[in-house]
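K.L.:
Below are the structure tokens for one structure; questions will follow.
The values are calculated or read from the model by the stated rules, or taken from the named source; none is laboratory data. Keep in mind the model is a prediction, meaning the values are calculated, not measured. As a convention, Cβ positions derive from the backbone with ideal geometry for all residues, glycine included, and neighbour counts pool all protein chains shown. The protein model used for the area step is the full one, side chains on, heavy atoms only, and it has no ligands, DNA or RNA in it. Shrake-Rupley method; radii C 1.70, N 1.55, O 1.52, S 1.80 Å.
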Amino acid sequence: MGKESNYVSKQPDAEGIIHWTDEENQVWHDLVDRQLKCIPGKACDEYMKGLDLLDLPKDRIPQLHELNEVLERETGWQVAAVPALIPFDEFFRLLANKQFPVATFIRTREEFDYLQEPDIFHEIFGHCPLLTNPAFAHFTHQYGKLGYAATPKERVYLARLYWFTVEFGLLQTDEGIRIYGGGILSSPAETEYAVNSDKPERHPLKALDALRTPYRIDIIQPVYYTINSVDELFEISDMDIMALVREAMELGLFEPKFPPKDAA
Ligand SMILES: [Fe+2]
């Protein structure tokens, strides 16, 4: 956010329909096809249930109104078409109104494996299944309201809590590690790594720790935080998160577990 994007979102027509090209629909198909093969036994049950409810088309990019019918019914959420990059203020305003921003462009084949900017595949396939879950939906709504009211400096801290939950959160279940973070679930390499690799550190989530943990958006994560069930997000929503933000600001950040960007 705040920097330039190489992509431009497609505008919906007067009926709210976005006209995707055959190639864009094919890229969606190939991304969904690949990711569906990666997630069994790795994505959490709540995600799989959400995927069932959404019943996403494979051969074309879904229209936003199709998602809205399901999200509205399940949790009162909506998806909202936005430009490729939006200001933080707009991002939080949308979440505070139970509207999940979806940049309406899809990656090119050159960036098939990974791109830093969230495209429609990441937003829909990564996040929308969990938005059918009441705990996840409630947490995201609370987060939006806090972020909308926060100062720019507080928002930088809040962003870390979002990163280690909504984007890169893991569950520690009786069956083993499962994924609920959309940043992982839209990446085949990280889906495999987050569950099966012994390289990353995995710690039980404490909100204060997450607020103090630096991250980089352009690498596979060296540290993840786990909760025991998606329902724990209800408990985190009830905490005085802004008091924890102020505490985190006083204590400062943990040492990064990754090299500085320039040296990488
Ligand atoms: Fe995301």
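K.L.:
What relative contact order, as a whole-number percentage, does the chain give when Cα pairs under 8 Å and 6 or more residues apart are counted?
P.N.:
19
K.L.:
If the label point is 7 Å along Cα→Cβ of residue 251, which residues in segment 200-231 have backbone nitrogen under 12 Å from it?
P.N.:
206-213, by backbone N distance to the label point.
K.L.:
Let me ask something else. Just for the chain, what percent of DSSP beta bridges are antiparallel, to the closest 5?
P.N.:
25
K.L.:
Can you bin the chain into rounded, prolate or oblate? Criterion: square roots of the alpha carbon gyration tensor eigenvalues sorted a ≥ b ≥ c, rounded for a/c under 1.5, prolate for a/b above b/c, oblate for the rest.
P.N.:
Cα axes put the chain in the rounded bin.
K.L.:
Give me the distance between the Cα centres of segment 136-168 and segment 49-106, rounded to whole Å.
P.N.:
About 17 Å separates the Cα centre of segment 136-168 from the one of segment 49-106.
K.L.:
Just to be sure I follow the definition: excluding the sites themselves, where is the longest run in the chain that has none of the trypsin sites (Lys or Arg not before Pro) in a DSSP loop with at most 13 other Cβ atoms within 10 Å? Before the final figure, lay out each step's value.
P.N.:
Details: sites that count: 3, 58, 206.
My reading of the result: 59-205 is the longest stretch.
K.L.:
Can you tell me the accessible area per residue over segment 81-127, all protein chains present, probe 1.4 angstrom, in square angstrom?
P.N.:
38
K.L.:
Just the accessible area for residue 29, please: 1.4 Å probe, Å², rounded to the nearest 10?
P.N.:
Taking all protein chains as shown, residue 29 has close to 60 Å².
K.L.:
Using Cα atoms only, what is the angle between the long axis of helix 64-75 and the major principal axis of the chain, expressed in degrees (0 to 90) to the nearest 10?
P.N.:
The angle comes out near 50 degrees.
K.L.:
Could you work out how far helix 241-251 tilts from the main Cα principal axis of the chain, as a 0 to 90 degree angle to the nearest 10?
P.N.:
50
K.L.:
Please work out the average accessible area per residue across segment 3-46, using the 1.4 Å probe convention, and give it in Å².
P.N.:
In whole numbers, segment 3-46 has 60 Å² accessible per residue.
K.L.:
For residue 143, tell me the accessible area in Å² from a 1.4 Å probe, rounded to the nearest 10.
P.N.:
Rounded to the nearest 10, the figure is 10 Å².
K.L.:
Assuming a ≥ b ≥ c are the square roots of the Cα gyration tensor eigenvalues, decide whether segment 146-186 counts as rounded (a/c under 1.5), prolate (otherwise, with a/b larger than b/c) or oblate.
P.N.:
Prolate, because a/c is 1.5 or more and a/b exceeds b/c.
K.L.:
May I ask you to give the solvent-accessible area per residue for segment 129-264, in square angstrom, as obtained with a 1.4 angstrom probe?
P.N.:
I get 44 Å² per residue for segment 129-264.
K.L.:
Now, a different point. Given the rule -39500 (n - 2.57) for each run of at least 4 DSSP H residues, summed and divided by the residues of the chain, what is its mean residue ellipticity at 222 nm, to the nearest 500 deg cm²/dmol? Don't jump to the answer; show the numbers that get you there.
P.N.:
Working: 11 runs with 111 residues, N = 264.
One gets -12500 deg cm²/dmol as the mean residue ellipticity at 222 nm.
K.L.:
Continuing with the same structure: Taking 0.36 nm per residue of separation and subtracting the Cα-Cα distance, what length does fully extending residue 11 through residue 49 add?
P.N.:
Length gained between residue 11 and residue 49: 10.7 nm.
K.L.:
Ordering 74, 250, 23, 175 from largest to smallest accessible area (1.4 angstrom probe), what's the sequence?
P.N.:
If we order 74, 250, 23, 175 from most to least accessible, we get 250, 175, 23, 74.
K.L.:
Could you look at segment 40-122 and say what percent of its accessible area is carbon and sulfur, using a 1.4 Å probe and all protein chains?
P.N.:
On the way: 1800 of 3800 Å².
In segment 40-122, the share of accessible area belonging to carbon and sulfur is 47 percent.
K.L.:
Using a 7 Å offset from the Cα along the Cα-to-Cβ direction at both residue 73 and residue 23, what is the distance between the two label points in nm, to one decimal?
P.N.:
3.6
K.L.:
Does segment 188-264 classify as rounded, prolate or oblate by the C-alpha gyration tensor (a ≥ b ≥ c root eigenvalues; a/c under 1.5 gives rounded; else a/b over b/c gives prolate, otherwise oblate)? Write down the numbers at each step before the final one.
P.N.:
Numbers: a/c = 2.67, a/b = 1.24, b/c = 2.15.
Because a/c hits 1.5 or more and a/b fails to exceed b/c, segment 188-264 counts as oblate.
K.L.:
What does the charge count near residue 122 come to, summing +1 for each Lys or Arg and -1 for each Asp or Glu among other residues with Cβ under 10 Å from its Cβ?
P.N.:
Values: positive: 107; negative: 117, 119, 123, 167.
Neighbour charge sum, excluding residue 122 itself: -3.
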